[in-house]
Amino acid sequence: MGTLTRIILVAGLLALAGGCKFAPVKKSGEAIEPPPPVAEQPAPEAPQEKRYVIGEEASLDVSALSDPASPLAKRVIYFELDSSQVDEEGRDIIGRHARFLAAHPELSIVLEGHADERGTREYNLALGERRAKAVRQLMVLQGVDPKQIQVISFGEERPVALDHNEAAWRLNRRVEILYSGY
(Lines give C-alpha, C1' and ligand atoms only; values in the text may rest on other atoms or scores of the structure.)
Protein backbone atom coordinates (compact mmCIF):
# COMPACT_ATOMS: atom_id res chain seq x y z
CA MET A 1 0.00 0.00 0.00
CA GLY A 2 1.31 3.43 -0.91
CA THR A 3 2.10 6.13 1.61
CA LEU A 4 -0.62 8.40 0.29
CA THR A 5 -3.22 5.65 0.56
CA ARG A 6 -2.15 4.92 4.18
CA ILE A 7 -2.43 8.60 5.11
CA ILE A 8 -5.90 8.85 3.59
CA LEU A 9 -6.99 5.63 5.34
CA VAL A 10 -5.67 6.78 8.75
CA ALA A 11 -7.21 10.26 8.30
CA GLY A 12 -10.56 8.67 7.42
CA LEU A 13 -10.48 6.41 10.51
CA LEU A 14 -9.58 9.34 12.75
CA ALA A 15 -12.39 11.43 11.29
CA LEU A 16 -14.81 8.56 11.80
CA ALA A 17 -13.68 8.00 15.40
CA GLY A 18 -13.75 11.74 16.13
CA GLY A 19 -17.38 11.95 15.03
CA CYS A 20 -18.52 9.19 17.43
CA LYS A 21 -20.02 10.14 20.75
CA PHE A 22 -18.65 8.15 23.68
CA ALA A 23 -20.43 7.91 27.01
CA PRO A 24 -18.29 7.84 30.15
CA VAL A 25 -17.88 4.43 31.74
CA LYS A 26 -19.60 3.98 35.12
CA LYS A 27 -17.42 2.62 37.86
CA SER A 28 -19.03 0.19 40.28
CA GLY A 29 -20.68 1.82 43.29
CA GLU A 30 -20.85 5.21 41.61
CA ALA A 31 -24.29 6.86 41.47
CA ILE A 32 -25.68 7.75 38.11
CA GLU A 33 -26.84 11.33 37.87
CA PRO A 34 -30.23 11.74 36.30
CA PRO A 35 -30.30 13.93 33.24
CA PRO A 36 -31.21 17.54 33.91
CA PRO A 37 -34.94 18.19 33.75
CA VAL A 38 -36.21 19.51 30.46
CA ALA A 39 -37.77 22.90 30.89
CA GLU A 40 -41.41 22.74 29.92
CA GLN A 41 -42.16 24.82 26.90
CA PRO A 42 -45.50 26.62 26.96
CA ALA A 43 -47.87 25.36 24.31
CA PRO A 44 -47.91 27.65 21.32
CA GLU A 45 -50.90 29.93 21.36
CA ALA A 46 -53.39 29.70 18.57
CA PRO A 47 -52.98 32.58 16.14
CA GLN A 48 -55.27 35.36 17.16
CA GLU A 49 -57.65 36.81 14.66
CA LYS A 50 -56.82 40.37 13.73
CA ARG A 51 -59.51 42.88 14.60
CA TYR A 52 -59.69 46.11 12.70
CA VAL A 53 -61.51 49.21 13.79
CA ILE A 54 -63.33 51.02 11.02
CA GLY A 55 -61.83 54.45 10.56
CA GLU A 56 -58.26 53.40 11.36
CA GLU A 57 -57.39 52.15 7.86
CA ALA A 58 -54.62 54.73 7.62
CA SER A 59 -52.77 52.94 10.42
CA LEU A 60 -53.06 49.55 8.71
CA ASP A 61 -50.00 48.15 7.02
CA VAL A 62 -50.08 46.68 3.53
CA SER A 63 -50.63 43.16 4.90
CA ALA A 64 -54.22 44.27 5.56
CA LEU A 65 -54.82 44.10 1.81
CA SER A 66 -54.60 40.30 1.85
CA ASP A 67 -56.50 39.84 5.12
CA PRO A 68 -60.18 38.94 4.58
CA ALA A 69 -61.01 40.33 8.06
CA SER A 70 -59.70 43.78 7.12
CA PRO A 71 -62.10 46.64 6.37
CA LEU A 72 -60.24 46.85 3.05
CA ALA A 73 -61.50 43.40 2.02
CA LYS A 74 -64.56 44.88 0.29
CA ARG A 75 -63.35 46.11 -3.08
CA VAL A 76 -66.46 46.20 -5.24
CA ILE A 77 -68.91 49.10 -5.54
CA TYR A 78 -72.27 48.29 -7.13
CA PHE A 79 -74.48 50.64 -9.16
CA GLU A 80 -78.10 51.00 -10.16
CA LEU A 81 -79.21 50.51 -13.76
CA ASP A 82 -77.90 53.18 -16.13
CA SER A 83 -76.29 55.11 -13.25
CA SER A 84 -72.86 56.22 -12.11
CA GLN A 85 -74.24 57.57 -8.83
CA VAL A 86 -72.45 56.05 -5.80
CA ASP A 87 -74.79 54.90 -3.03
CA GLU A 88 -74.16 55.09 0.74
CA GLU A 89 -72.56 51.64 1.00
CA GLY A 90 -70.30 52.45 -1.95
CA ARG A 91 -69.22 55.75 -0.37
CA ASP A 92 -68.32 53.87 2.82
CA ILE A 93 -66.13 51.39 0.88
CA ILE A 94 -64.53 54.21 -1.11
CA GLY A 95 -63.84 56.19 2.08
CA ARG A 96 -61.97 53.30 3.69
CA HIS A 97 -59.77 52.78 0.64
CA ALA A 98 -59.24 56.52 0.18
CA ARG A 99 -57.96 56.95 3.75
CA PHE A 100 -55.69 53.94 3.32
CA LEU A 101 -54.30 55.13 -0.03
CA ALA A 102 -53.75 58.67 1.27
CA ALA A 103 -51.68 57.20 4.11
CA HIS A 104 -49.74 54.93 1.71
CA PRO A 105 -48.68 57.07 -1.28
CA GLU A 106 -46.39 54.28 -2.49
CA LEU A 107 -49.43 52.18 -3.44
CA SER A 108 -51.50 52.48 -6.59
CA ILE A 109 -54.83 51.10 -7.74
CA VAL A 110 -56.76 50.38 -10.90
CA LEU A 111 -60.47 51.14 -10.91
CA GLU A 112 -62.21 48.78 -13.35
CA GLY A 113 -65.63 50.00 -14.50
CA HIS A 114 -68.19 47.40 -15.62
CA ALA A 115 -71.75 47.35 -16.94
CA ASP A 116 -74.40 44.72 -17.53
CA GLU A 117 -75.12 43.34 -21.01
CA ARG A 118 -78.03 45.68 -21.79
CA GLY A 119 -77.22 48.62 -24.03
CA THR A 120 -74.78 48.90 -26.90
CA ARG A 121 -71.15 48.00 -26.51
CA GLU A 122 -70.07 51.64 -26.88
CA TYR A 123 -72.65 52.86 -24.37
CA ASN A 124 -71.58 50.24 -21.81
CA LEU A 125 -67.89 51.14 -22.22
CA ALA A 126 -68.74 54.80 -21.60
CA LEU A 127 -70.96 53.89 -18.61
CA GLY A 128 -68.21 51.73 -17.07
CA GLU A 129 -65.78 54.62 -17.47
CA ARG A 130 -68.21 57.11 -15.87
CA ARG A 131 -68.62 54.75 -12.91
CA ALA A 132 -64.87 54.32 -12.43
CA LYS A 133 -64.31 58.09 -12.74
CA ALA A 134 -67.01 58.74 -10.13
CA VAL A 135 -65.15 56.48 -7.69
CA ARG A 136 -61.84 58.15 -8.60
CA GLN A 137 -63.31 61.61 -7.98
CA LEU A 138 -64.55 60.64 -4.52
CA MET A 139 -61.13 59.22 -3.64
CA VAL A 140 -59.30 62.32 -4.84
CA LEU A 141 -61.67 64.52 -2.82
CA GLN A 142 -60.67 62.48 0.24
CA GLY A 143 -56.94 63.07 -0.21
CA VAL A 144 -55.72 60.38 -2.62
CA ASP A 145 -53.12 61.57 -5.11
CA PRO A 146 -54.62 61.24 -8.63
CA LYS A 147 -51.34 59.67 -9.76
CA GLN A 148 -52.16 56.65 -7.57
CA ILE A 149 -55.33 55.88 -9.54
CA GLN A 150 -55.75 54.43 -13.01
CA VAL A 151 -59.22 54.17 -14.56
CA ILE A 152 -60.24 51.55 -17.11
CA SER A 153 -63.60 50.43 -18.45
CA PHE A 154 -64.51 46.97 -19.65
CA GLY A 155 -68.15 47.75 -20.24
CA GLU A 156 -70.06 44.49 -20.56
CA GLU A 157 -66.98 42.45 -21.58
CA ARG A 158 -66.11 40.90 -18.20
CA PRO A 159 -69.29 39.82 -16.43
CA VAL A 160 -69.08 38.04 -13.07
CA ALA A 161 -72.59 36.58 -13.47
CA LEU A 162 -73.56 35.01 -16.79
CA ASP A 163 -77.32 34.68 -16.37
CA HIS A 164 -79.67 37.02 -18.20
CA ASN A 165 -81.77 38.28 -15.28
CA GLU A 166 -81.85 41.16 -12.80
CA ALA A 167 -79.82 39.28 -10.15
CA ALA A 168 -76.96 38.73 -12.61
CA TRP A 169 -77.17 42.22 -14.06
CA ARG A 170 -77.00 43.74 -10.57
CA LEU A 171 -73.69 41.94 -9.93
CA ASN A 172 -72.27 43.07 -13.26
CA ARG A 173 -72.93 46.80 -12.68
CA ARG A 174 -69.82 47.49 -10.63
CA VAL A 175 -66.43 49.12 -10.13
CA GLU A 176 -63.65 46.91 -8.80
CA ILE A 177 -60.75 48.34 -6.79
CA LEU A 178 -57.57 46.46 -7.68
CA TYR A 179 -54.33 47.17 -5.82
CA SER A 180 -51.20 46.84 -7.93
CA GLY A 181 -49.23 43.84 -6.73
CA TYR A 182 -51.93 42.55 -4.34
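The values are calculated or read from the model by the stated rules, or taken from the named source; none is laboratory data. The structure presented is a predicted model; accordingly, all values stated were derived computationally and were not measured. Quick reminder, even Gly has a Cβ in these numbers, built from the backbone with ideal geometry, and neighbours come from all protein chains shown.
Of all residues in the range 59-103, which are touching a residue at least 60 places away in the same chain (Cβ under 8 Å), surrounded by fewer than 14 Cβ atoms within 10 Å (Cβ to Cβ) and farther than 20 Å from ARG170 by Cα? Answer for the range 59-103, where residues must be touching a residue at least 60 places away in the same chain (Cβ under 8 Å), surrounded by fewer than 14 Cβ atoms within 10 Å (Cβ to Cβ) and farther than 20 Å from ARG170 by Cα: just SER66. So, of the residues in the range 104-124 that are surrounded by 15 or more Cβ atoms within 10 Å (Cβ to Cβ) and more than 16 Å from ILE77 (Cα to Cα), which turns out to be farthest from the chain's Cα centre (by Cα)? That would be GLY119. Here ILE93 meets each of (1) assigned to a helix (DSSP H, G or I); (2) over 22 Å from GLN148 (Cα atoms) with one exception, condition (2).
Inside the range 57-90, residues that are assigned to a strand (DSSP E or B) and aromatic (Phe, Trp, Tyr) make up a count of 1.
Looking across the range 125-182, the residues that are of a type in the set (Val, Ile, Thr) and within 13 Å of PHE79 (Cα to Cα) come down to VAL135, VAL175. Within the range 132-160, count every residue that is among the acidic types (Asp, Glu) and touching a strand residue (DSSP E or B) at 6+ places or on another chain (Cβ under 9 Å). Counting residues in the range 132-160 that are among the acidic types (Asp, Glu) and touching a strand residue (DSSP E or B) at 6+ places or on another chain (Cβ under 9 Å) gives 2.
If you go through the range 58-101 and pick out every residue that is among the charged types (D, E, K, R) and more than 21 Å from GLN137 (Cα to Cα), you end up with 2. For beta carbons closer than 6 Å, sequence separation of 6+ or different chains, a first residue in the range 138-165 that is more than 14 Å from HIS97 (Cβ to Cβ) and modelled with pLDDT of 95 or more and a second that is acidic (Asp, Glu) and surrounded by fewer than 18 Cβ atoms within 10 Å (Cβ to Cβ), the qualifying pairs are GLU156/GLU117.
Taking the listed residues GLU106, GLU122, GLU129, the one that is free of Cβ contacts under 8 Å to residues at least 40 places away in the same chain, in a loop (DSSP other than H, G, I, E, B) and over 20 Å from LEU162 (Cβ atoms) is GLU106, with no other qualifying.
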